[in-house]
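Let me begin by presenting the structure, written as structure tokens, before commenting on it.
The values are calculated or read from the model by the stated rules, or taken from the named source; none is laboratory data. Model, not experiment: these values are computed from the prediction. Here the Cβ positions follow ideal geometry from the backbone for every residue, glycine too, while neighbour counts run over all protein chains shown. Ligands, DNA and RNA are stripped out before the accessible areas are found, and what is left, the full protein with its side chains, is counted by its heavy atoms. Shrake-Rupley method; radii C 1.70, N 1.55, O 1.52, S 1.80 Å.
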Amino acid sequence: MQTQQIARGRGVGRRVLESVRVSQRAMFAAVAIVAVVGLAGVTVTSTPLIAVAVVALAVAMFLPKPTFAVSLFWIFLVRPGYELLHMTIGGVAVTEIDLLPVLALAAVLAMPRNAKVSGKRVTVGTVALILAMPAWLTLRFIVVPPSGLLHVSPVVDYRNITMFCVVVPIWIYINKRGFAALFRLLMACAYLACGIAILAWVLLMSHLVAPANTTLVYFHAINDVRPGGELLVLVLAVALLVKRAPLLLGNRLLSMVVVAAEFAVSQTLSMVIAAVVGFVFFTVLFRGARSTGRVLAALVVLVLFGGVAVGGVAAGSRFDLGERLGESSAQYRATEFSQLTAAVTQSPANLVLGEGPGSALAVKNVYSGVVEIKRDTHNTYGNITLKGGLIALALFLLPLGIGLRRLLKTKNEDDLRLAASLVAVAVLTVTVPFVWTAAGLSALVALLFGALQPPESPVIDTTRVASRSAALKRGSPMTPVTRA
């Protein structure tokens with residue numbers, strides 16, 4: 001009788017706990033819906049927009065994982081300036097990219113925590129470290145008046161800062177599901193970007209579409225097809241080279257062919273250089289990761305890169321380093337950097353504090369000879385220094401440096417893969433402004449969480465371990481114990 005009462009009490013306790021969890025989800029859903037609908041009702045008179053917001057949040061509650069994934073994918077893949085939705089809320093122009101972090105937050109709050117992932121959670125200190133640079137830029141933009149003579153609309157600069165709000169849903173997701181799950185999502189997005197680029201190239205080659213700029217891909221020539229999300233494609237390329245990447249349909253050769261095809265149709269030399277640097281960094285500096293196969297692969301990659309760079313392979317293409325250095329593109333970047341250096345160093349205040357939001361440069365276009373007003377240059381480090389000075393640059397590099405230091409101390413090859421990827425991103429950032437966009441900053445935030453968080457430790461089912469030990473003592477067969 002007493003045993004039955006205890007069992008009945010446990011059953012009641014489980015039902016109470018389950019009802020509490022359901023109540024929490026319902027509360028989160030209600031708060032989110034009321035907040036969004038209230039905001040839309042106060043600032044927007046469009047009934048369809050309110051309806052869309054309610055439906056989107058309802059979907060996020062009932063299908064949290066797909067909603068979170070789709071929200072992140074769209075943020076990563078949409079090319080800057082080519083968003084689909086443009087609206088005004090409270091007198092502020094916004095796009096779907098500005099609202100998707102809210103939807104991702106609603107979805108991740110509705111997700112159950114994965115009990116198979118244990119270990120320390122990502123701390124508030126880690127989040128504060130990532131948010132230090134945008135916090136300084138916000139303070140700089142609000143408190144210190146813009147300096148310099150040339151300014152344009154600061155909307156793009158503000159949007160880049162506000163995209164750091166994606167930190168919150170990503171933070172919660174990692175604490176619930178683990179960084180490994182997030183990295184798989186990032187790599188799935190990278191494969192999708194490769195597929196979009198290949199499809200656009202096929203359509204362009206077949207003359208089924210005309211050259212154009214679209215939301216997901218830029219294609220003006222068969223050797224210049226550029227999808228959104230190329231920063232993640234670089235990370236995927238490095239992960240494949242070091243043999244630590246999720247595979248497409250479980251096939252390594254297919255995965256390599258898809259990524260190589262994206263590199264071939266985009267012909268972004270800077271990405272090739274960055275991928276080679278990341279792979280060599282992984283192979284040379286980490287003794288524990290070395291193997292005969294990896295060393296030979298590194299040598300093959302270096303030989304192929306050398307052949308391409310000197311024009312021995314694919315001569316005359318956008319991969320030909322000698323040809324590119326003599327082109328107007330290299331001259332244009334040199335002109336940009338010269339103008340950027342002059343603007344940043346014109347006064348000690350500009351060097352330390354930057355010129356503020358909307359600061360721009362007047363750069364002569366070497367193709368047309370026309371002087372253009374540029375709010376950003378190809379060098380992301382220079383862009384950050386121009387907007388927020390050396391303080392902003394230091395705060396941008398700080399989490400990257402701390403994360404790399406932590407990763408370099410580990411013998412875990414997944415951590416070494418992430419270190420090599422971050423090195424590749426750091427190299428790419430010198431000549432290509434992928435990071436200084438809403439998509440690029442969001443992707444970088446996700447990678448920094450992996451570099452800064454404590455390592456994950458899988459939970460071991462101690463009951464099964466004890467059962468297996470007892471079975472071995474009795475000599476009875478039993479299936480091997482696996483890690484959850």
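Summary of computed values
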quantity: Scope the stretch 146-160; condition assigned to a loop (DSSP other than H, G, I, E, B) and either modelled with pLDDT of 75 or more or not small (Gly, Ala, Ser) (or both); matching residues; calculated: Pro146, Leu149, Leu150, Val152, Pro154
quantity: Residue match in the stretch 414-429 (condition: part of a helix (DSSP H, G or I) and at pLDDT below 85); calculated: yes
quantity: Within the stretch 273-290, considering residues that are at pLDDT 60 or above and open to solvent by 30 Å² or more (accessible area, probe 1.4 Å), the one farthest from Thr410 (Cα to Cα); calculated: Ile273
quantity: Failed item in (1) buried (at least 17 other Cβ atoms within 10 Å of the Cβ); (2) touching a helix residue (DSSP H, G or I) at 6+ places or on another chain (Cβ under 9 Å), with Thr335 passing the rest; calculated: (2)
quantity: Those residues of the stretch 200-257 which are open to solvent by 20 Å² or more (accessible area, probe 1.4 Å), of a type in the set (Ser, Thr, Tyr) and either under 20 Å from the mean Cα position of the chain (by Cα) or under 22 Å from Val276 (Cβ atoms) (or both), in sequence order; calculated: Thr215, Tyr218
quantity: When residues of the stretch 400-416 are limited to those that are hydrophobic (A, V, I, L, M, F, W, C) and closer than 17 Å to Val122 by Cα, the one surrounded by the most Cβ atoms within 10 Å (Cβ to Cβ); calculated: Leu407
quantity: Some residue of the stretch 97-112 being assigned to a loop (DSSP other than H, G, I, E, B) and modelled with pLDDT of 80 or more; calculated: yes
quantity: All positions within the stretch 369-419 that are aliphatic (A, V, I, L, M) and more than 18 Å from Met133 (Cα to Cα); calculated: Val370, Val371, Ile373, Leu407, Leu408, Leu416, Leu418, Ala419
quantity: Helices (runs of 4 or more DSSP H) enclosed by the stretch 171-267 - at least 1 residues per element that are hydrophobic (A, V, I, L, M, F, W, C), touching a strand residue (DSSP E or B) at 6+ places or on another chain (Cβ under 6 Å) and in contact (Cβ under 8 Å) with a residue 12 or more places away in the chain; calculated: 179-205, 252-266
quantity: The one condition in (1) in a helix (DSSP H, G or I); (2) at pLDDT below 80 that Val363 fails to fulfil; calculated: (1)
quantity: Hits in the stretch 369-390 (condition: open to solvent by less than 60 Å² (accessible area, probe 1.4 Å), in a helix (DSSP H, G or I) and of a type outside the set (S, T, N, Q)); calculated: Tyr381, Gly382, Ile384, Leu386, Lys387, Gly388, Gly389
